[in-house]
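Scroll down for the structure; my scribbles are underneath it.
The values are calculated or read from the model by the stated rules, or taken from the named source; none is laboratory data. Owing to the predicted nature of the structure, the values given are computational and were not obtained by experimental measurement. As a convention, Cβ positions derive from the backbone with ideal geometry for all residues, glycine included, and neighbour counts pool all protein chains shown. SASA here: full protein model, heavy atoms, side chains in, ligands and nucleic acids out. Shrake-Rupley method; radii C 1.70, N 1.55, O 1.52, S 1.80 Å.
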Amino acid sequence: MVYFEMGKNHTYLKQYAEAEADFNKVLKSQGDRLDVLEQFYELYYRQKEYEKSIPLVQKLILFDEDYKEDLANLYTLTKQYDKALEQLDELDQVWGESDIRNALRAQIYRATGNTEGAIENLEQKIDSNPKNEKEYLNLIFLYSDQGNKEKAFEAAKNLLKNNPKSELVHLALYKFYLDEGNASEAIKSMKIVFASEEVDKETKYKVLGDFIQFVNENPQYETDLAEIVNQFSVENGRVYEKLGDYYAAKNRKEDALNAYEKGIAQDPDNYNLLKNTILFQIEFKKYEAAAKLSSEGLEIFPAQALLYLLNGVANNGLEKSDTAIESLETGLDFILEDPKMERDFYEQLSFAYTTKGNAQKAKMYSEKAAATKMPN
């Protein structure tokens, strides 16, 4: 245990040779401990010792399969491109498509400079097995990366023809349909993506973001957007956050608040969603809801000055001066070089003390607000 702590300290001090020796001693005496392997991997990665990192990550995979993605990245960094592609294909089969892995695959094809060869190879594989979904998807991706949308779209339609049950093909199809303005087919494809267990959540959010952008330019499809959000909302509140952002950008504040409130009910740990919900609640004078939500938010984010301010504003709106003062005076300690927020705190404190009937303190905070220097 002593050598492990020494290894961490040596890593922090950039004494890498000493850290490596310490970690090796621990592994030799105690076997493959997860925490040691993780620190050792971090040490090598920090030094860009990617070759040395590979055996460590292979051991880490036995503890946590998420490290398989790290292994694919390490194979790429060490120019073992065939192994990297093999690893990426395996991950896609098990976990579904991922933008991160697709980007890494594109990087490999660019690095090898053999996109044409890769396309030819894939087309041969498809000819021998037209139902091979994975090869079709790689072909679609390669054509798209080349900017050849027509060929990519054709390959996607061929995949769907040969494998009508394919769900992953719709990740490509919805984009092609949106580009040609075929909203009804795009919506069908997106609904398949959202319902698919083969597509990871982050990719689904990206798809939703693309559709929101499309609806922003084609507002006649707003009803379809609401329907898709309701279908997808079982995942968590982030979909409502995106919908709320869309309405907020359109200055449709009531719709934005409605979306944000639905989102925060499912995703209370989302700070940005929490902040936006409370701000709109205060704008609509929903002080009771804002006071409750900001109090709950402070239990999760106790060092966020803005939440203390919003809680103070809400309680001032409810004429609960003592509660507002307590929150505002506590929150002052968490302001970090933000003169505008500091002035807002003083103004709310002045208001609270005025309501309370304490003219002396109200004047003091009013003067502090006036004396706060704003940046140029």
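The table below gives the values:
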{"quantity": "Using a Förster distance of 51 Å, the FRET efficiency for Asp338-Asn162 (Cβ separation, nearest 0.05)", "calculated": "0.30"}
{"quantity": "The chain: relative contact order as a whole-number percent, Cα under 8 Å and 6+ apart", "calculated": "6"}
{"quantity": "Dipole in debye (nearest 20) - the stretch 1-155, about Cα centre, beta carbon charges: Lys, Arg +1; Asp, Glu -1", "calculated": "520"}
{"quantity": "More than 19 Å apart - percent of Cα-Cα pairs taken over the stretch 277-376", "calculated": "38"}
{"quantity": "Most to least accessible of Thr112, Thr354, Thr277 (protein chains only, probe 1.4 Å)", "calculated": "Thr354, Thr112, Thr277"}
{"quantity": "Förster radius 51 Å - calculated FRET efficiency between Ala226 and Gln124, Cβ distance, rounded to 0.05", "calculated": "0.65"}
{"quantity": "Top positive-direction residue, dipole computed over the stretch 1-134 with Cβ charges, set Leu43, Leu13, Ile54", "calculated": "Leu13"}
{"quantity": "Computed over the stretch 291-376: relative contact order in percent, which uses C-alpha pairs under 8 Å that are six or more apart", "calculated": "24"}
{"quantity": "Unsatisfied cross-links (Cα-Cα over 28 Å) in the set Lys201/Lys340; Lys292/Lys373; Lys79/Lys134; Lys157/Lys206", "calculated": "Lys201/Lys340; Lys292/Lys373"}
{"quantity": "Karplus 3J(HN,Hα) series, Hz, for the stretch 4-10 with 6.51 cos²θ - 1.76 cosθ + 1.60 (x for Gly, Pro)", "calculated": "5, 5, 4, x, 5, 5, 5"}
{"quantity": "Anchor Lys125: aspartates and glutamates whose Cα lies under 19 Å away (excluding residues fewer than 8 positions away in-chain)", "calculated": "Asp82, Glu86, Asp89, Glu90, Asp92, Glu116, Glu133, Glu135, Glu154"}
{"quantity": "Net charge, Gln87 excluded, C-beta distance under 11 Å - Lys, Arg +1, Asp, Glu -1", "calculated": "-3"}
{"quantity": "In range of the label at Glu319: residues from the stretch 272-286 whose backbone nitrogen is under 20 Å from the point 7 Å along Cα→Cβ", "calculated": "282-286"}
{"quantity": "All lysines inside 20 Å of Lys28 as judged from Cα atoms, apart from same-chain residues fewer than 8 positions distant", "calculated": "Lys8, Lys52, Lys59"}
{"quantity": "Descending semi-axes in whole angstrom, ellipsoid equivalent of the stretch 1-88, from the Cα gyration tensor", "calculated": "25, 14, 9"}
{"quantity": "Gained length - Lys361 relative to Glu65, 0.36 nm times residue gap less alpha-carbon distance", "calculated": "100.6 nm"}
{"quantity": "Folded to 0 to 90 degrees: helix 339-356 orientation relative to the chain principal axis, Cα", "calculated": "40"}
{"quantity": "Accessible-area ranking of Phe284, Phe194, largest first, probe 1.4 Å", "calculated": "Phe284, Phe194"}
{"quantity": "Heavy-atom accessible surface of the chain: percent carbon and sulfur, 1.4 Å", "calculated": "48"}
{"quantity": "Among the listed pairs Lys48/Lys151; Lys175/Lys262; Lys175/Lys242, those beyond 30 Å (Cα-Cα)", "calculated": "Lys48/Lys151"}
{"quantity": "More than 25 Å apart - percent of Cα-Cα pairs taken over the chain", "calculated": "69"}
{"quantity": "Phi to ³J(HN,Hα) by Karplus 6.51 cos²θ - 1.76 cosθ + 1.60 over the stretch 167-173, Hz, x for Gly, Pro", "calculated": "9, 5, 4, 6, 5, 8, 4"}
{"quantity": "Accessible area expressed per residue, the chain, with surrounding protein chains retained (probe 1.4 Å, Å²)", "calculated": "53"}
{"quantity": "From the C-alpha gyration tensor of the stretch 141-196, square roots of 5λ in Å", "calculated": "17, 14, 9"}
